[in-house]
Amino acid sequence: MHQKAEAHWPNQSSIPNLLTDPSQPNKLPEGRFLVTVCTYNERENIENLVKAIAKNLPAADILIIDDNSPDGTGVWAQQASSNNRQLLCHIREAKRGLGSALRYGLKYAVDKRYDRVINLDADFSHDPATIPQLLEATYRTEHRVDVAIGSRYVQGGEISGLSRLRRFLSKAINGYARLLLGLPIGDWSSSFRAYSTAYLAKLPWDRLACDGYGSLQELLWFLHCQGAKIGEVPIHYVNRRLGKSKISWKEAHGALSTLHRLAWSRYRDRPGV
């Protein structure tokens, strides 16, 4: 029998837009950091991405979780990791989806006692140069957060290269998430995030069931229910230039189903229900 997660109902000010704070030093803190990248057919991007991550966060280990990509992404990662102690690789037998890959990486970070874990997409839509800003937001003495989201939909956020349809669908599903779940998060569907592993360790992992893109909303909701402070750092999102997008109508439908399930749990777990 599962214990209900305690829900917290914050006001608008509890989801801060973490614009650069001139009173805070722009110096990376000390700690053990892991960067996770979930891949499927990203051979055109992965080598340069690993170099860019290492340039912007030299102290971090990098974990590639690959779903046995036919284009050789995993093969490259395995070969490269044999000559690089900071590059780690986990190849899965088949395509199992973003959600389970992301959960594997986050659990790995907890099990190996990293202090922070940062996840970003493999297609350069998330600029690795922004990683230090997300990481710094989880260490601030003021307005510190436990989860920092790289956000397109807060003041200072930008989007380039997306079609009007993709922009509409993205804004619609994020607006729908805010409506159903009652949290004023601008970008529920961004996978570019920095997490404190102290809160990841509290998650009821057996209750996180979504394997698609809805896992991003699911993860945020359960972290919120554990009391994690969530904030957003504005980013410039640039649509991929190489390779093919993995987003489909099936994934969009799955994300909606996940939102409905979470909204029902929100209602069910309210006092007096």
| note | Selection over the stretch 201-246 where residues are under 27 Å from G156 (Cβ atoms) and among the hydrophobic types (A, V, I, L, M, F, W, C) yields a count of 11
| remark: Checked pairs for the stretch 78-100, first touching a residue at least 24 places away in the same chain (Cβ under 8 Å), second loosely packed, with under 14 Cβ neighbours inside 10 Å and part of a strand (DSSP E or B), C-beta under 7 Å and 6 or more apart or across chains, list as none
| request: Just one of (1) without any contact (Cβ under 8 Å) to a residue 60 or more places away in the chain; (2) closer than 23 Å to L200 by Cβ; (3) aliphatic (A, V, I, L, M) trips up L134, so point out which. | output: (1)
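Kindly evaluate A209 against the criterion of being more than 25 Å from E44 (Cα to Cα) and modelled with pLDDT of 90 or more.
Judged against the criteria, A209 is not a match.
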| field | Extreme residue, farthest from C225 (Cα to Cα), among residues of the stretch 134-183 that are crowded, with 17+ Cβ neighbours inside 10 Å and among the acidic types (D, E) | value | E136
| From the list R96, R152, R116, R92, which residue is out of contact with any Asp or Glu (no Cβ under 9 Å at 6 or more places or on another chain) and of a type outside the set (A, V, I, L, M, F, W, C)? | R116
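Could you list, in sequence order, the residues of the stretch 209-230 that are of a type in the set (A, V, I, L, M, F, W, C) and part of a helix (DSSP H, G or I)?
Residues satisfying the conditions are L216, L219, L220, W221, F222, L223, C225.
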| note | D115: passes all of (1) more than 13 Å from the chain's Cα centre (by Cα); (2) closer than 18 Å to S215 by Cβ but (2)
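Give the residue that is farthest from Y195 (Cα to Cα), with candidates limited to residues of the stretch 54-98 that are in a loop (DSSP other than H, G, I, E, B) and among the charged types (D, E, K, R).
Keep residues of the stretch 54-98 that are in a loop (DSSP other than H, G, I, E, B), which gives 57-60, 67-72, 82-86, 92-97.
Now narrow it down to the ones that are among the charged types (D, E, K, R): 67, 71, 85, 92-93, 95-96.
Working: D67: 23, D71: 30, R85: 23, R92: 24, E93: 27, K95: 25, R96: 23 Å.
Once the filter is applied, the top-ranked residue is D71.
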| Only one of (1) surrounded by 21 or more Cβ atoms within 10 Å (Cβ to Cβ); (2) touching a helix residue (DSSP H, G or I) at 6+ places or on another chain (Cβ under 8 Å); (3) at pLDDT 95 or above fails for G74. Which number is that? | (2)
| remark: Reported set for the stretch 115-131 where residues are surrounded by fewer than 23 Cβ atoms within 10 Å (Cβ to Cβ) and not aliphatic (A, V, I, L, M) is D115, D121, D123, F124, D127, P128, T130
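The values are calculated or read from the model by the stated rules, or taken from the named source; none is laboratory data. Keep in mind that what you see is a predicted model, and the values were worked out from it rather than measured. Glycine also receives a Cβ, built like all others from the backbone with ideal geometry; neighbour counts cover every protein chain displayed.
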